[in-house]
Amino acid sequence: MENHHASEMNGVVAEYLNMCIESKHNDLCKKEKDSKDSADADRLCNIEKAYSTVLSELGEDVDREGLLRTPLRAAKAMQFLTKGYKETTQDILNDAIFDENHDEMVIVKDIDLFSLCEHHLVPFFGKAHIAYLPNKKVVGLSKLARIVEIYSRRLQVQERLTKQIASAISEALEPAGVAVVIEAVHMCMVMRGVQKMNASTVTSVMLGSFHDDPKTRKEFLALTMRK
């Protein structure tokens with residue numbers, strides 16, 4: 001009887017300790033979240049002030065009705081347009097890579113992308129075409145578009161963006177080859193500077209078989225560029 005009572009007491013104590021540990025963990029999580037939220041709010045406030053300063057230096061009246069909330073809107077927009085800094089490929093590919101005995105080319109083409117040129121902070125936009133040759137592993141097709149989103153939602157140059165997408169896929173899947181082509185229009189060439197309305201830029205990165213085997217590369221380009 002005493003042993004049974006002692007066992008019950010030990011169970012109650014263990015449960016209480018687990019509750020205390022869980023409560024402490026929840027408190028730490030809440031504090032971490034509150035701290036993160038506070039830091040994000042501070043950053044938003046600082047960006048808003050910076051936009052207000054820019055508008056003032058341009059000669060605008062930041063107190064007029066049309067501009068009262070513009071600095072805040074612009075700050076929120078800039079945070080959204082650069083949200084890729086807070087995301088990683090590991091986050092989005094979790095549980096989306098599957099073992100599959102498939103070794104033929106996989107292509108996802110015409111992936112819309114929007115980014116900001118890091119030289120002038122104006123947009124460039126276009127389409128990305130991605131292919132990989134599986135090496136016993138495949139990835140959910142939507143994840144390829146998500147990888148494009150992660151790296152395009154940062155301050156970029158098109159050349160680096162193309163390479164980052166290809167490298168991320170290569171590191172995650174370890175395929176026999178990866179190919180990425182991006183076609184984009186840059187507003188820094190259209191709205192300012194040379195102001196060439198019809199100019200577009202094409203960049204490519206070929207890794208593995210796509211780099212080493214001209215036939216594989218030719219097949220990818222033929223399938224991708226065919227309208």
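The values are calculated or read from the model by the stated rules, or taken from the named source; none is laboratory data. Predicted model only: the values in this text are computed from it and were never measured. Here the Cβ positions follow ideal geometry from the backbone for every residue, glycine too, while neighbour counts run over all protein chains shown. Ligands, DNA and RNA are excluded from the accessible area calculation, which covers all protein heavy atoms including side chains. Shrake-Rupley method; radii C 1.70, N 1.55, O 1.52, S 1.80 Å.
Glu118 - would you say it is of a type in the set (Asp, Glu) and in contact with a Pro (Cβ under 8 Å, 6 or more places away or on another chain)? Walk me through it before giving the result.
Details: of a type in the set (Asp, Glu): yes; in contact with a Pro (Cβ under 8 Å, 6 or more places away or on another chain): no.
Against the criterion (of a type in the set (Asp, Glu) and in contact with a Pro (Cβ under 8 Å, 6 or more places away or on another chain)), Glu118 does not qualify.
Does Val138 satisfy the criteria of being open to solvent by 10 Å² or more (accessible area, probe 1.4 Å), touching a Lys or Arg at 6+ places or on another chain (Cβ under 6 Å), assigned to a strand (DSSP E or B) and without any contact (Cβ under 8 Å) to a residue 60 or more places away in the chain? Before you say what the answer is, go through the steps one by one.
On the way: open to solvent by 10 Å² or more (accessible area, probe 1.4 Å): yes; touching a Lys or Arg at 6+ places or on another chain (Cβ under 6 Å): no; assigned to a strand (DSSP E or B): yes; without any contact (Cβ under 8 Å) to a residue 60 or more places away in the chain: yes.
Considered against the rule, which asks whether it is open to solvent by 10 Å² or more (accessible area, probe 1.4 Å), touching a Lys or Arg at 6+ places or on another chain (Cβ under 6 Å), assigned to a strand (DSSP E or B) and without any contact (Cβ under 8 Å) to a residue 60 or more places away in the chain, Val138 comes out as no.
Evaluate the following for Ile130: is it crowded, with 23+ Cβ neighbours inside 10 Å and part of a helix (DSSP H, G or I)?
Details: crowded, with 23+ Cβ neighbours inside 10 Å: yes; part of a helix (DSSP H, G or I): no.
So Ile130 fails the test.
I'm told Met187 meets every condition in (1) closer than 22 Å to Val108 by Cβ; (2) touching a residue at least 24 places away in the same chain (Cβ under 8 Å); (3) not small (Gly, Ala, Ser) except one. Can you identify the failing condition by its number?
With respect to (1) closer than 22 Å to Val108 by Cβ; (2) touching a residue at least 24 places away in the same chain (Cβ under 8 Å); (3) not small (Gly, Ala, Ser), Met187 is out only on (1).
Being farther than 30 Å from Arg217 by Cβ and without any contact (Cβ under 8 Å) to a residue 24 or more places away in the chain is the filter here; which residues of the stretch 81-114 pass it?
Answer for the stretch 81-114, where residues must be farther than 30 Å from Arg217 by Cβ and without any contact (Cβ under 8 Å) to a residue 24 or more places away in the chain: Lys86, Asp91, Asn94, Asp95.
Collect the residues in the stretch 89-127 that are loosely packed, with under 15 Cβ neighbours inside 10 Å and assigned to a helix (DSSP H, G or I), keeping them in residue-number order.
If the condition is that a residue be loosely packed, with under 15 Cβ neighbours inside 10 Å and assigned to a helix (DSSP H, G or I), then Gln90, Asp91 are the ones that fit.
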